[in-house]
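Scroll down for the structure; my scribbles are underneath it.
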Amino acid sequence: MAEPLTRVDSAVQGLSSSPPKEKISHRRTSSSAAGVSSMKEMWDTRTKLHIAPETQRTGWKINTSSSTVEEKDILKKPLVTPMVRAVDLVTDLGSVITARNRQGVTIKDALDAIHKANKKRADDELDKPYLEGFEWAPEHTEYDEGNPKELKEMEEEWQRLLIHLSSTPGVSNFGGKKKKKAAAAAE
């Protein structure tokens, strides 16, 4: 025991300390698809929306699942172009239903949101049980942007779609490959 025990200090002995650890960030980037905007951004840029014509007169009953739509291929199509992440759907009575999808709201997303709000209602409770279609009010309305009251109304209507319902299932002939084949076979 010639030498007494001493504390070893790496700085004293000229050794470098362990290298600083870099922070690795696993923060997720936005999960939304490219080219998909919010309704607020559509308002800010005054981008006009176009509703898919396939949504008109589908013959779909609002208290049934979206899978009961006759034309299944329309469910994958975007509800509006340009595509948006979320859209407020307003009924005749004023209730607001929001359809959301980070990759862009599809017709199925809108039908599912409407169904969720109406699935517990019986057929006899609904005076207008069939979806007639959607309407984007600014497409048919003229506004005076200089008038603050009209500008506020325009902003509210810009960011929502109106739901139109009917008492009869007005099925359109949009697409209709099966019906055309059946009609051709009958002749």
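Tabulated data
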read-out	value
5 angstrom amide H check on GLU132, placed H, neighbours 5+ away	HIS164, LEU165, SER166
Compactness of the range 37-87 as Cα Rg over 2.2 N^0.38 Å, two decimals	1.34
The range 46-124: C-alpha pair distances exceeding 14 Å, %	62
Aspartates and glutamates with Cα under 18 Å of LYS119, excluding same-chain neighbours fewer than 8 positions away	ASP92, ASP109, ASP127, GLU132
Three principal axis lengths of the range 80-145 [C-alpha, angstrom, descending]	43, 30, 17
Table column - 3J(HN,Hα) (Hz), the range 93-102, Karplus curve with 6.51, -1.76, 1.60, x for Gly and Pro	7, x, 6, 10, 10, 10, 9, 10, 6, 5
Per-residue HN-Hα couplings for the range 119-133 [Karplus 6.51, -1.76, 1.60; θ = phi - 60°; Hz; x = Gly/Pro]	5, 8, 8, 6, 4, 6, 7, 9, 7, 10, x, 10, 6, 8, x
Over 26 Å between alpha carbons, listed pairs LYS40/LYS149; LYS48/LYS116; LYS48/LYS76; LYS120/LYS152	LYS48/LYS116; LYS120/LYS152
D (Stokes-Einstein, µm²/s), Kirkwood Cα radius, the range 120-167, 0.692 mPa s at 37 °C	257
Heavy-atom accessible area order for SER37, SER67, largest first, 1.4 Å probe	SER67, SER37
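The values are calculated or read from the model by the stated rules, or taken from the named source; none is laboratory data. Treat the numbers as computed from the prediction; the structure is a model and nothing was measured. Accessible surface areas use protein heavy atoms only, side chains included; no ligands, DNA or RNA. Shrake-Rupley method; radii C 1.70, N 1.55, O 1.52, S 1.80 Å.
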